[in-house]
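What follows is a single structure, written as structure tokens, with notes after it.
Every number here is computed from the coordinates shown, using simple stated rules; none is lab data. Keep in mind it's a predicted model, so treat the numbers as computed, not measured. Positions of Cβ are generated from backbone atoms using ideal geometry, with glycine treated the same way; all protein chains shown enter the neighbour counts.
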Amino acid sequence: MIARKLTIWGALAQGAILESIRRKDMYVAVILALVMIGAAATIGTFGVHGLEIFLKDTALNVVNLLSILMAVLFSSRQIAEEVSRRTVYPLLARPIGRGDLLIGKFLGAFALSALSLLLFALVAWGALACYGLSLGVIFLQYLLLRLFSLALICAMTLMLSVFITPSATITMALLLAVGSQTFGRAVMLVDQTVSPNVQILLRGVYVALLHLDFFDMHEKVSYGWKPVPAWVPTELFFYALLYIGIFLIVAFLRFRRQAL
Amino acid sequence: MTERLQTIACAAGILLALAGVSGVASHVGPIMEGGPTGISMAEQERVDKAASASLLGEFRSSTADFLWIKVDAYVHGGVAMRGVTQQEKQSGTFDKVGSGDGGKENGNREHRGDETTVIPSASHDWRGWYGNIEREVSPYQDMNHHTHKDPKEALPLFRLMTVSNPHFIPGYVVGAAMIARDHTKVDEAIAFLLEGAKNNPNSIEIAEEIGELYSGRYKRQYEAGMPYLVKAIVLGRGRDRTTLTEDEDEAFENAYRWAVLNRREAGDFAIARKVAQEGLKLYPEDVVCKEFLKEHPEQPGNAH
């Protein structure tokens, strides 16, 4: 049973990846990566002495932003396009459940996003290494947490895509992905200034809201901090797993009843 | 297709901005050598009135502000700080931020006790597990009695922020103080300030800082420094004191102090006494002026 499910999910994910390759999506990633190298090469022409932290910070920020963008774009159209092009009918005519379709698509989108992240990270690492700048072991922890974060973004975007239109999905997902930290900071700031009832409400929202900012260690990498203890990525893995589960279950509950 | 175009457009924008900033950075270089490169007020006004300047003016100032924040993060190892809210002040429930050396570290701004870390310590954090995680994944440490990192890394950013906004006075003043931490580069610091003075001829802070560097122990060029201290005093006296910012007021008081010390070292006690008396009229608690007058009281028939 499990083996069969894994085969189905694997085949669907593979299909999503192949479709993306056919659509030349990865070309965009490669072009962006090349532009990044070009930008870095411009810096190198004039020398980088004294701007190490600034360069690391900027490079990792670019990696973060581009990988989030790619993850949202990959996952927002997985279901919507299958429906609009009516290719969902032959898929569901096979012994494949709607839940399987969702999980397969999620895995496909995540695999593509992970590939993009690794590509961008490789470019950033390579460009920085060319100028003698090293990122240290903590860079691997940064990458691991970014992978968790991309899995979360893919699941969240996939869930949104079964509720709203693709354009709205992209907007909402980007706002949530980029704006969650701002909300968290705002809650922390106003915590003591509001009435006890509002305080309880805000704290509740804070705890319930997904904190994607916990998966971003780029500042620690840039400023050369030591790696974090193993319990941090471990607990964040379970935190991510919990929210991925919630997002996929909500998406399934909606998609199950959706008229195609 | 449209989505892909949007992706490319966004990314290209980010990368162009990156390339632009890096281009400027690389042109100026991290080492600030050579004489003043500022432009005249007339030229500056012409540049400021250009259509492109109007369009980019906001961006220019924002870039300088952004870099200013970055510099602060650099010297604090990335630990983010913010001002204390009124409620926190009243209740006292915030993490105090203070230099380990009591703020005497040359070149770094003083912590006046009105700051706290953006991420609170465990004792002031209601979030439990969430707080513990954030303190691990983000740059965080107890900032009470902290030391500053070598600001050498931040020097190019001061150059960038003053190129971006030539009227950004703190960029010149703090930048010069950080350059002057390396005592062999005091001339470089003065050159940077002279450029700032050319771009901001009415700045009390810049004039005072130039005078201070010339009069300090690494230059001891008292005659070269005195005109700048006098200029700072004249500029300060020409202003309504209630309109001075905190930084301007501090520079105004420092100008009196350094002018007294400058004249004392130059052996010109009469002028030093006069400056000290004038300074005390405006700043009655000033220790330097008080001490000088105590040690060198006016005696009839004595030039000293």
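Once C-alpha pairs closer than 8 Å and six or more residues apart are averaged by separation and normalised to the residue number of region B:68-213, the relative contact order reads 25 percent.
Quick one: check the C-alpha center-to-center distance for region B:164-203 versus region A:136-166, whole angstrom. Cα centroid to Cα centroid, the span is 45 Å. Counting only Cβ charges, +1 for Lys and Arg and -1 for Asp and Glu, the dipole size of chain A around its Cα centre is about 980 debye.
Helix screen, chain A: DSSP H segments with Cα axial length of 20 Å or more and mean Kyte-Doolittle hydropathy at least 0.0 are A:2-22, A:25-46, A:52-76, A:98-130, A:138-161, A:166-190, A:231-257. Database remark: amide H of B:N144 closer than 5 angstrom to the amide H of B:G98 (H placed geometrically; neighbours at sequence offset of 5 or more, or on other chains; Pro and chain starts carry no H).
According to the square roots a ≥ b ≥ c of the eigenvalues of the Cα gyration tensor, what is the shape class of region A:2-255, taking rounded for a/c under 1.5, prolate for a/b larger than b/c otherwise, and oblate for the remainder? Because a/c hits 1.5 or more and a/b fails to exceed b/c, region A:2-255 counts as oblate. From least to most packed, judged by other beta carbons within 10 angstrom and beginning with the fewest, A:V83, B:V174 follow the order A:V83, B:V174. Provide the net charge surrounding A:A251, with neighbours chosen by a C-beta distance below 13 Å and charges set as Lys +1, Arg +1, Asp -1, Glu -1. Charge balance in the 13 Å sphere: +4.
Its Cα centre serving as origin, region A:208-260 has a Cβ charge dipole (Lys and Arg +1, Asp and Glu -1) of approximately 340 debye. Put in line by how crowded their Cβ is, counting other Cβ atoms within 10 Å and starting with the fewest, B:H167, B:H183 read B:H183, B:H167.
Applying both filters, DSSP loop and at most 10 other Cβ atoms within 10 Å, to the trypsin sites (Lys or Arg not before Pro) of region B:138-181 eliminates every site. What the phi angles of region B:282-293 give under the Karplus curve with 6.51, -1.76 and 1.60, with θ = phi - 60°, is a coupling list of 8, 10, x, 9, 5, 5, 4, 5, 4, 4, 4, 5 Hz, glycine and proline written as x.
Test of the criteria: in region B:234-289, which GluC sites (Glu not before Pro) are in a DSSP loop and have at most 16 other Cβ atoms within 10 angstrom of their Cβ? Sparse-neighbourhood loop GluC sites (Glu not before Pro): B:E285. Taking a Cβ cut-off of under 9 Å around A:I53, the surrounding Lys, Arg, Asp and Glu residues balance to a net charge of -1, with basic ones at +1 and acidic ones at -1. Using C-alpha pairs below 8 Å separated by at least 6 residues, the relative contact order for chain A is 29 percent. When region B:151-295 is described by a simple charge dipole with +1 on each Lys and Arg Cβ and -1 on each Asp and Glu Cβ, the residue from B:A197, B:T243, B:V174 located farthest towards its positive end is B:A197. Given +1 at the Cβ of Lys and Arg, -1 at the Cβ of Asp and Glu and no other charges, the dipole of region B:151-295 around its Cα centre is 380 debye to the nearest 20. Each residue of region B:189-198 is assigned a 3J(HN,Hα), and the resulting list reads 5, 5, 4, 5, 5, 5, 4, x, 5, 5 Hz, derived from the Karplus form 6.51 cos²θ - 1.76 cosθ + 1.60 (θ = phi - 60°), x at Gly and Pro.
Below 8 Å between Cα atoms, with a sequence gap of 6+, how large is the relative contact order for region B:151-295 in percent? The normalised contact order for region B:151-295 reaches 16 percent.
Summarising the amide proton neighbourhood of B:S203: residues at separation of 5 or more, or on other chains, whose placed amide H is nearer than 5 Å comprise an empty set. Phi-derived couplings, Karplus 6.51 cos²θ - 1.76 cosθ + 1.60 at θ = phi - 60°, listed residue by residue for region B:114-124: 10, 10, 8, 6, 4, 8, x, 6, 4, 6, 10 Hz, with x used for Gly and Pro. Look at the dipole of region B:151-295 built from charges on Cβ: of B:M161, B:G211, B:A266, the Cα furthest out on the positive end belongs to B:A266. Count the net charge of all other residues whose Cβ sits under 14 Å from the Cβ of B:E136, scoring Lys and Arg as +1 and Asp and Glu as -1. So the surrounding residues net to -2. Between A:L118 and B:D247, the simple label model (points 7 Å from Cα in the Cβ direction) yields a spacing of 4.8 nm.
Neighbour counts of C-beta atoms inside 10 Å place B:W68, A:W231 in the sequence A:W231, B:W68, starting with the fewest.
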